[in-house]
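Only one structure is covered here, and it is reproduced in the block below.
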């Protein structure tokens with residue numbers, strides 16, 4: 001279940017993609033399989049990084065000429081030299097951090113001139129509904145501390161010198177699932193309707209039937225859970 005579209009990163013064979021805030025590795029592993037780039041997945045949570053390494057071992061990557069490496073790092077102190085990476089992903093991270101501005105500046109620092117940066121955050125309205133349905137949703141340790149409007153995310157990139165390229169929404173089927181989680185927050189682990197909806201999402205992920213694929217396309221512009229934007233670092237930076 002990838003939020004970022006790899007084709008929009010304009011990666012060439014042998015280049016390097018940083019997945020900052022990689023979590024359990026979904027975009028890192030997906031990038032290794034779907035592109036011809038080398039992948040670096042970094043996250044602040046050691047447990048998630050260990051899980052990502054374990055998940056990578058479940059894939060048949062023996063024939064690949066590129067590699068995927070995981071490590072622990074803070075987004076405001078990325079352990080790479082200036083202008084050293086060809087593309088950067090930061091998916092569903094900025095809503096968690098104390099300083100989005102400092103985070104984006106650090107991502108820009110390590111990105112090569114001409115490189116593409118993809119940022120994704122929870123979309124404003126679906127996220128706002130979650131906050132309204134459950135007071136505990138935003139108070140979960142390590143949870144979301146802010147909601148981005150469309151122009152706020154766009155300005156976060158452009159005010160630091162990035163060239164705005166495009167945007168799209170993602171995960172239309174997932175918004176109702178999170179609304180149900182918030183609605184039944186105190187009993188969500190025992191809720192039958194949440195379990196059934198989760199089965200629907202897994203079925204869609206594994207089988208990708210035509211019905212849910214069409215439904216996803218219809219729902220994305222209306223209630224897509226994620227907002228994704230692509231930026232380019234100017235060559236003259």
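Annotations
- Subset tally (residues that are touching a helix residue (DSSP H, G or I) at 6+ places or on another chain (Cβ under 9 Å) and surrounded by fewer than 21 Cβ atoms within 10 Å (Cβ to Cβ)) for the stretch 25-37: 4
- Here 220, 208 are screened, and the one residue that is more than 26 Å from residue 103 (Cα to Cα) and touching a residue at least 24 places away in the same chain (Cβ under 8 Å) is 220.
- Complete set of residues in the stretch 18-38 that are more than 17 Å from residue 74 (Cα to Cα) and not in a helix (DSSP H, G or I): 35, 36, 37, 38
- Annotation note: of 91, 103, the sole residue that is surrounded by fewer than 23 Cβ atoms within 10 Å (Cβ to Cβ) and touching a residue at least 24 places away in the same chain (Cβ under 8 Å) is 91.
- Residues in the stretch 206-231 that are in contact with a helix residue (DSSP H, G or I) (Cβ under 7 Å, 6 or more places away or on another chain), within 24 Å of residue 156 (Cα to Cα) and assigned to a helix (DSSP H, G or I): 223 only.
- The residue list 203, 169, 179 contains one member that is part of a helix (DSSP H, G or I) and surrounded by 14 or more Cβ atoms within 10 Å (Cβ to Cβ), which is 179.
- Here residue 153 fits the description: at pLDDT 95 or above, part of a helix (DSSP H, G or I) and touching a strand residue (DSSP E or B) at 6+ places or on another chain (Cβ under 8 Å).
- Scanning the stretch 40-58 for residues that are surrounded by 13 or more Cβ atoms within 10 Å (Cβ to Cβ) and either in a loop (DSSP other than H, G, I, E, B) or in contact with a helix residue (DSSP H, G or I) (Cβ under 9 Å, 6 or more places away or on another chain) (or both) turns up 40, 41, 42, 43, 44, 45, 52, 55, 56.
The values are calculated or read from the model by the stated rules, or taken from the named source; none is laboratory data. Quick caveat: nothing in here was measured; it's all calculated off a predicted structure. FYI the Cβ positions are ideal-geometry reconstructions off the backbone, even for glycines, and counts take in every protein chain you see.
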